[in-house]
Amino acid sequence: SLMDDVGVTGPILAGDTTDDANPTFSGSAEAGSVVMIYDNGGLIGSTTADATGVWSFTPATPLFDGPHSLAAQAVDAAGNIGPMGPSIPFTVDTSAVVISISSVADNEGTWIGNLTDGQTTDDTTPTLNGRATPGGIVSIYDGTTLLGTVMADATTGQWSFTTPALGNGPHSLTATVTTPAHGESAPTPAFNTIIDTIPPAAPAIGGVNDDVGMLQDPVPNGGSTDDTTPTVFGNGLQPGDVVMIYDDGDLIGSTSVIADGSWSYTATPPLNDGPHPFTVVAVDPAGNASVPSAPWTVIVDTAAPIAPILNSVFDDQGVVTGNLTSGDTTDDARPDLSGTAEPDSLVTIYDNGVAIGSVIATGGTWTFTPTIPLSNGPHTLTVTSSDAA
């Protein structure tokens, strides 16, 4: 018999592999005879059978890694050499056991890539990659539960394993390698991950702020703005979530939710003139994406309105009435002004450069009568137009 006394111990049978470079070879022979031990046909040592014929031999020099075949032959006290006994072929492999998890990959959802230890993922079937003793059988565990096995590449030792579907919650993943010489190794350090397949609640856009121009106010849903980089904001989300901002379905940027659950995003690069229906999607650390928010549309308008026209100044008081011409004198301290401007724009009337009132150009026309009578003396009347942006 041949015995392995190192690592995984026990009998070494014909064809086995062992990590014991000094296995114990034992048997029986004529009592008192000298037993000659051969390895692959070469003499490597000798021992003496005891009074009962039992003998045992352990090589003084470790056997090299590779194939071996031990056999014994007895020589009695008279020098007679007996026949060679049966041989036991076996392989010595003392190479170090290799087993590691080099990466755990998320292949599903919004976020894809290698996970870090402790990270949350929405991938219920992550892929583990690593190295092991070439040709070894790699076993993957979740805690104490065996998830499956895979054979390491016979040359490089590389291995890859995609888990069966894991449930929501924490998971502690380890790997071992089993080789003929060493049996099953100790497990790797645990790689921890948390499975989370529950998407965040649907977000809502709280508003859009205009930060430039004459009017710097919140822009109502459907309103106009001259700000090409308005700020979209909201709240009520989980800190650490990421908000993806879309303009008419196209992703234009993202921002993180801060500790109080709020978020904001200033459009970059500047938006072109026209309508912009903003929607947002919340993505949690696991990569789960919410349904889109309801749209909030703003109309960017950076074009100044056409210059308004003051068509007439009408005197409807006293003996002489009618339209005045520039430079006329009138006894009407509250003449009626009228003209045209961009439809729905705000027309502001100035007297000697001082605003005295405003009116909306409904349908592109406007009329205005001063509420406070004009003082005696010269008056220069002008008008400007401001659009909704």
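The values are calculated or read from the model by the stated rules, or taken from the named source; none is laboratory data. Since we're looking at a predicted model, the values are computed, not measured. Please note: Cβ atoms are built from the backbone with ideal geometry, for glycine as well, and neighbour counts cover all protein chains shown. Note: areas computed on protein heavy atoms with side chains; ligands, DNA, RNA excluded. Shrake-Rupley method; radii C 1.70, N 1.55, O 1.52, S 1.80 Å.
Give, in nm to one decimal, the length gained when the segment between SER46 and VAL319 is fully stretched (0.36 nm per residue of separation minus the Cα-Cα distance).
On the way: separation 273, 0.36 × 273 = 98.28 nm, distance 14.89 nm.
This chain segment gains 83.4 nm when fully extended.
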So, with points 7 Å from each Cα along the Cβ direction, the ASP5-ASN168 label distance in nm works out to 5.8
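Out of the total accessible area of the chain (probe 1.4 Å, heavy atoms of protein only), what percent is carbon and sulfur?
Working: 11200 of 19590 Å².
Whole-percent figure for carbon plus sulfur exposure: 57.
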Semi-axes (Å, rounded, descending) of the ellipsoid equivalent to the stretch 20-175 per its C-alpha gyration tensor are 55, 14, 11
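Would you mind putting 125-132, 96-103 in packing order, based on average other-beta-carbon counts within 10 Å, highest first?
Numbers: 125-132: 20.0, 96-103: 16.6.
Result, highest mean first: 125-132, 96-103.
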Taking a probe of 1.4 Å and leaving out DNA, RNA and ligands, the chain shows per residue an accessible area in Å² of 50
Across all Cα atoms of the stretch 215-272, Rg and the largest Cα-Cα distance (Dmax), in Å, are 12.3, 34
For the stretch 219-333, the percent of all C-alpha pairs falling in each 10 Å bin, from 0 up to the bin holding the max distance, is 12, 31, 18, 9, 10, 10, 8, 2, 0
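Evaluated at 4 °C with a viscosity of 1.567 mPa s, what Stokes-Einstein diffusion coefficient in µm²/s does the stretch 5-106 have when Rh comes from the Kirkwood expression over alpha-carbon pairs? Mind dumping the intermediate values first?
Details: Rh = 15.2 Å.
After rounding, the answer is 85 µm²/s.
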Measuring from its Cα centre, the chain shows a charge dipole (+1 at each Lys and Arg Cβ, -1 at each Asp and Glu Cβ) which, in debye to the nearest 20, is 1040
Hull volume per residue for the stretch 274-377, using the convex hull of the C-alpha atoms, in Å³ is 160
At q = 0.18 Å⁻¹, the log10 of I(q)/I(0) for the stretch 104-219 from a Debye sum over equal Cα scatterers comes to -0.91
Using alpha carbon centers only, the stretch 198-251 is separated from the stretch 82-133 by a whole-angstrom value of 47
What the 10 Å binned alpha carbon P(r) of the stretch 143-287 shows, as percent of pairs per bin from 0, is 9, 28, 19, 14, 14, 11, 5, 1, 0
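Sort 180-193, 160-173 by the packing proxy (mean of other Cβ within 10 Å over each peptide's residues), most packed first. If you can, show how the numbers build up before the last one.
Numbers: 180-193: 17.4, 160-173: 14.5.
Listed from highest to lowest mean packing, they are 180-193, 160-173.
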Here the relative contact order (percent) of the chain, from C-alpha pairs under 8 Å and at least 6 apart, is 10
Using alpha-carbon coordinates alone, the radius of gyration and Dmax of the stretch 91-166 in Å work out to 13.9, 50
With label points set 7 Å from each Cα along the Cα-to-Cβ direction at THR125 and SER103, the distance between them in nm comes to 2.0
The chain, Gaussian network, Cα under 10 Å: of PRO305, PRO275, PRO373, the residue fluctuating most is PRO373
Calc'd 3J(HN,Hα), the stretch 375-388, phi into Karplus 6.51 cos²θ - 1.76 cosθ + 1.60 (θ = phi - 60°), Hz, glycine/Pro = x, comes to 6, 4, x, x, 9, 10, 9, 9, 9, 10, 10, 10, 7, 5
Under the 7 Å Cα-to-Cβ spin-label approximation, ASP351 and PHE64 lie apart by a distance in nanometres of 11.6
For percent of Cα pairs over 25 Å apart the list reads (i) 59; (ii) 74; (iii) 54; the calculated value is entry (ii)
